[in-house]
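Read-outs throughout are calculated quantities, based only on the coordinates presented, and are distinct from any laboratory measurement. Small disclaimer: the values here were computed from a predicted structure and weren't measured. A quick note on method: Cβ atoms are made from the backbone with ideal geometry, for glycine too, and the neighbour counts reach across all protein chains shown.
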Amino acid sequence: MLSGCSKSIMLGRRFAEFNGAYFGGTLPKYEIYLCKHAARFLPQAYGQCLSRQKRILIRQSLSPKEMRETLVHEMIHIRTPHHGSKFQKECVRLRKLNAPLADWDTVPGYKPPSLTERNAQILIEDALVDKLPMRSIRRYLEQEFYRPISEIEQKIDLKRLFARMKKQRITELALVNRMKKQHKRLLEEQLMKLEAK
Ligand SMILES: [Zn+2]
């Protein structure tokens with residue numbers, strides 16, 4: 001059904017538990033899937049919340065702690081698609097309840113990349129390398145910039161940017177190199193985790 005993913009009964013139970021403990025049991029039921037990195041994910045994403053399908057995807061290479069943190073993060077996304085002030089408020093509320101949240105979500109004042117055309121291009125290239133369909137790119141930008149798309153498009157002319165990128169014809173070679181870099185980064189992350197143990 002979802003290639004590279006398998007349904008996790010254990011995380012499904014966690015979902016029910018966290019729903020009760022942190023959301024007053026008000027979230028609709030979601031199915032939780034563990035997925036291979038390459039199968040589903042954006043370069044830096046640990047998880048993904050598919051609201052229409054009522055599914056949460058979590059990268060299977062994560063540690064149990066990271067999985068719990070990612071699950072809570074994606075559960076917030078059920079009602080709050082991007083990482084704006086509403087999302088931040090939810091993090092503050094959940095932190096008070098001692099919910100498992102990643103440093104990423106708990107560091108006050110974490111700043112997303114600044115809203116520039118250059119940053120947008122880097123994000124879009126990464127997303128394309130990871131085979132994210134074009135229709136999902138706006139939502140991806142919302143997540144990465146922590147802003148609704150309306151605000152992003154006020155500052156960045158996405159249509160013009162797409163056209164320019166097409167013209168530049170990101171060559172096959174450039175894509176391959178970037179992928180190699182990503183693999184190297186993933187490998188380094190894993191090695192650092194090992195060293196930290
Ligand atoms: Zn998120």
Length gain on complete extension for the stretch E17 to V92, per 0.36 nm per residue less the alpha carbon to alpha carbon distance?
25.0 nm
At 0.36 nm per residue, and after removing the present C-alpha to C-alpha distance, how many nm does the segment from L161 to K54 gain when stretched out fully?
35.3 nm
Return the distance in nm (one decimal) between the two label points of a simple spin-label model at R185 and E153, each offset 7 Å from Cα along Cα→Cβ.
2.7
